[in-house]
1. Could you please rank C77, C32, placing first whichever residue has the fewest other Cβ atoms within 10 Å of its Cβ?
2. Choose one of P206, Y130, L183: the residue whose Cα lies farthest towards the positive end of the charge dipole of the chain (beta-carbon charges +1 Lys, Arg; -1 Asp, Glu; about the Cα centre).
3. Count the net charge of all other residues whose Cβ sits under 11 Å from the Cβ of P151, scoring Lys and Arg as +1 and Asp and Glu as -1.
4. Which pairs, out of K62/K190; K10/K186; K55/K161; K48/K214; K10/K161; K62/K94, put more than 24 Å between their alpha-carbon atoms?
5. Give, rounded to the nearest 20 debye, the magnitude of the charge dipole that the chain has about its Cα centre when Lys and Arg contribute +1 at Cβ and Asp and Glu contribute -1 at Cβ.
6. Which value in nm describes the separation of the simple spin-label points at E52 and K153, placed 7 Å from the Cα toward the beta carbon?
7. Could you give the nm distance between label points at Y95 and K115, where each point is 7 Å from its Cα heading toward the beta carbon?
8. Would you compute, from DSSP H runs of 4+ residues alone, the mean residue ellipticity of the chain at 222 nm, taking -39500 (n - 2.57) per run and dividing by the full residue count, rounded to the nearest 500?
Amino acid sequence: MASHDSVAEKFGNRQVNSRTKRVEWSASRVYCEDDLIFSYGGHFPMAKYLGEHPKYGHFFIKNSDKFSSSTSAHQSCVRHHCFGPEVSRSHLSKYIHFSDLTMENVYLWRDGLCKWLWLDTQEGVFYSEYLYNQVHNNDDSDAAEILFTDPIKLPRTGKFKAHRKQEYGPRYQTGIFIVEEVLVLKVKDKYLLCTHNSVVELARKPKTISEALKIRKLPQEAVLN
């Protein structure tokens, strides 16, 4: 019996089953049929293959809804093997069925980011990699000092969330740099701003992600909670 991860991998690689001549694979709780992969049954699609993107190759849209702890584990496998945005299927259902989405519906997309970093509070720069350097003290004891690689450049759209516990002295602060994933879908004559757990109908066609984020504050009834 195939594992859940291997089914997700074959689905993500668009591997054709030699027996059925389709992208059709199954494990005990996960199975895929052509462009869709499911957890437990047809009631919960985890991802849909949208086609070949000129920049990214195999391109998918993934369902960010939660169902159970085991389904969350299945979704983790799908995220690992299937590149593309996520959207709340339940919130989107007012406008379009998840299984009906195509590449043409993807109007704008900014990928998300969640990265562990070190902030040099004196220089105001971020580092992502470091090495421990053994230092020999006068008392014959060894200590380790941190040596950083070159600073990294980060998107201006992100935010640094510092950890409360600080174990590396006053100069270096550890934390996570987060960029929110943002997806704008075009469904008929509507433009929908989709974040991880919401879908907002925009008042007009945005030209950029930044514009979409600025105009997303609509009357409360337009926001699906």
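1. C77, C32
2. Farthest towards the positive end: P206.
3. Neighbour charge sum, excluding P151 itself: -3.
4. The pairs that break the limit, which is 24 Å between Cα atoms, are K10/K186; K55/K161; K48/K214; K10/K161.
5. Here the chain has a charge dipole of around 1220 debye.
6. Label at E52, label at K153, 3.2 nm between them.
7. With each label point 7 Å from Cα toward Cβ, the separation is 2.9 nm.
8. -4000 deg cm²/dmol
Read-outs throughout are calculated quantities, based only on the coordinates presented, and are distinct from any laboratory measurement. Keep in mind it's a predicted model, so treat the numbers as computed, not measured. With ideal geometry, Cβ positions are generated from the backbone for all residues, glycine too; neighbour counts draw on all protein chains shown.
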